[in-house]
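Have a look at the structure below before the remarks.
The values are calculated or read from the model by the stated rules, or taken from the named source; none is laboratory data. Fair warning: this is a prediction, and the values are worked out from it, not measured in the lab. No Cβ is skipped: glycine too gets one built from the backbone with ideal geometry, and neighbour counts run over all protein chains shown. Just so you know, the surface numbers come from the protein's heavy atoms only, side chains and all, with ligands and any DNA or RNA stripped out. Shrake-Rupley method; radii C 1.70, N 1.55, O 1.52, S 1.80 Å.
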Amino acid sequence: MSLRRLTPSVARALRLLVITALAVAGPGASSARPTGQGRQAASIVITGGTVVTVDDQRRILAPGAIAIAGTDIVGVGTPEEIAARFVASETIDATGQVVMPGLVNTHTHAAMVLFRGLGNDLNLQDWLTKYIFPAEGKTVAADFVRAGTRLAALEMILGGTTTFVDMYYFEEEVAKVAREAGLRGVLGQTVIQFPVGDAKTPEEALARTRAFATAFRGDPLVTPAVAPHSMYTLSAETLQAADRLARELRIPLLIHLEETKTERDDSLKAHGLTPTAYLSKLGVLGPHVLGAHGVWLGPDDIATAARAGMGISHNPESNMKLASGTAPVAAYVAAGVPLGLGTDGAASNNDLDMFEAMRQAAFLQKVVRNDPTAAPASLVLEMATRRGAAAIGMADRIGQLTPGRRADVIIVDTRAPHLQPMFDPVAQVVYAAKGSDVRTTIVNGRVLMHDRVVRTLPSGEVLAEAAKMAERVKAALPR
Ligand SMILES: [Zn+2]
């Protein structure tokens, strides 16, 4: 791969080329018909940056360019090739920056940003039962979920996340926010055995899921899903009912899976089976399933997951903070299980920064396995992009910069001191970049954020609403 950086004179020439192209095309260049000299109209051309495609050949174009028309990527090549083929309505100069696929956060609870920093330094059981479940019981309502998800959406857009996989309550509110923010989401309505804010019984939660899935069927951004919380918070009957619903409606099923050793030990005691084997016996596993965490699966369980064709979401920061354990990343990869990366909710992370998740994912594997070659930067970048897309059944749509895929694209400004010099763009993105280095976020061909200004959400209003909800959380805490 070429690591040549643009010299100022080349950059100037490119800009001139773009300006000339615009002048030649004249007004009305945004229409879909071919324009003069056989060039196609593009809504956006991003040119001059280092393009990390994460495509099948893992091409890195330095410099490179991409063309977007409507919702799709229509061209990837050198700046000269793209300028010769396309006339753009809008041109983004990415000189000195990295252009890459938007990040796919395969496991979060977006609205839980409102519990950020609450009940720290506890294990999962204490954290859940002493803080999170009681606080949720007293606070979670439609307006709370809306305010929390809007705050999370701001954070995600600013941090380069373009797709998020959510499990929460009042999921239709999450979906409405995703539409408003312009984010892509696989959004799972939670089903849990005890009464919660949006459902008194699991049956009610399943009915909610059906209504939600019907209301958002065919939405270009929102993929509704059913989210049975876990095998340890649900009866066998409810788990199977959730799975029947997922198969009937052809929607994904999201479930916490083998997050802690306690979950595994309890399952072995109660059922004589590991949680994975238990779910497999219930007939719940399949390509429509995404298991979150997957920390404790043994070789047999991983083989079961691979046979089922299910995906796994790895959440290294949450696993470290709650001391849940270390997921067997290499074993999943070797077994061919699509492995994505997630942040989990902000209450156990405590942010939604996928750049940090990449870095921690790599470092955690290296130290635990005492092997610096474990979880290399290239693998971790794939987990945050194309492998994550595969884990949620969207490999044909997102996760790489390839013509025909949706235009979910981010631009990382690598001109900052902590990102210079840049010899290896992949290592730079994984090991040195932060969410705050993202300059532009594009989802489905729409610019959601440019130069750190979010265009789709009113930041001030979102922060004020979140502050109001924080008062509700404070009032609900045990005294
Ligand atoms: Zn979770």
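For the stretch 406-427, the set of residues classified as open to solvent by 50 Å² or more (accessible area, probe 1.4 Å) and under 24 Å from Leu448 (Cα atoms) consists of Arg406, Arg415, listed by residue number. Across the stretch 133-151, a minimum of one residue is classified as more than 21 Å from Asp408 (Cα to Cα), within 14 Å of the ligand (Cβ to nearest atom) and not polar (S, T, N, Q). Residues in the stretch 269-276 include at least one that is in contact with a helix residue (DSSP H, G or I) (Cβ under 6 Å, 6 or more places away or on another chain), within 16 Å of the ligand (Cβ to nearest atom) and assigned to a helix (DSSP H, G or I).
Here is a check on your reading of the model: is Leu463 more than 16 Å from the chain's Cα centre (by Cα), modelled with pLDDT of 95 or more, assigned to a loop (DSSP other than H, G, I, E, B) and not basic (Lys, Arg)? In short, no. Would you confirm whether or not the stretch 380-387 contains a residue that is assigned by TED's automatic domain parsing to the domain that holds Gly342, in contact (Cβ under 8 Å) with a residue 60 or more places away in the chain, assigned to a helix (DSSP H, G or I) and open to solvent by 30 Å² or more (accessible area, probe 1.4 Å)? Looking through the stretch 380-387, at least one residue is assigned by TED's automatic domain parsing to the domain that holds Gly342, in contact (Cβ under 8 Å) with a residue 60 or more places away in the chain, assigned to a helix (DSSP H, G or I) and open to solvent by 30 Å² or more (accessible area, probe 1.4 Å). For Val447, the criteria (1) part of a strand (DSSP E or B); (2) more than 27 Å from Pro220 (Cα to Cα) hold in every case but one, which is (2).
Only a single item in (1) open to solvent by less than 40 Å² (accessible area, probe 1.4 Å); (2) of a type in the set (Gly, Ala, Ser); (3) touching a Lys or Arg at 6+ places or on another chain (Cβ under 9 Å) is not met by Ala69, and it is number (3). Number of residues in the stretch 279-297 that are within 22 Å of Leu245 (Cβ to Cβ) and either surrounded by 21 or more Cβ atoms within 10 Å (Cβ to Cβ) or outside the structural domain of Arg247 (by TED's automatic domain parsing) (or both) equals 8. Listed conditions (1) open to solvent by 10 Å² or more (accessible area, probe 1.4 Å); (2) in contact with a Lys or Arg (Cβ under 8 Å, 6 or more places away or on another chain) are all met by Gly399, apart from (1). Does Ala407 qualify as being closer than 17 Å to Gly70 by Cα and of a type in the set (A, V, I, L, M)? Spelling it out, Ala407 is indeed closer than 17 Å to Gly70 by Cα and of a type in the set (A, V, I, L, M).
When the stretch 298-354 is limited to residues that are within 16 Å of the ligand (Cβ to nearest atom), part of a loop (DSSP other than H, G, I, E, B) and aliphatic (A, V, I, L, M), the one that is surrounded by the most Cβ atoms within 10 Å (Cβ to Cβ) turns out to be Leu352. Taking the criterion of being among the polar types (S, T, N, Q) and open to solvent by 60 Å² or more (accessible area, probe 1.4 Å), would at least one residue in the stretch 217-227 satisfy it? Scanning the stretch 217-227 turns up no residue that is among the polar types (S, T, N, Q) and open to solvent by 60 Å² or more (accessible area, probe 1.4 Å). Taken over the stretch 231-265, the criterion of being within 16 Å of the ligand (Cβ to nearest atom), farther than 17 Å from Val186 by Cβ and without any contact (Cβ under 8 Å) to a residue 40 or more places away in the chain is satisfied by Glu263 alone. Checking Glu471, Glu465 one by one, the residue that is charged (D, E, K, R) and free of Cβ contacts under 8 Å to residues at least 12 places away in the same chain is Glu471 and no other.
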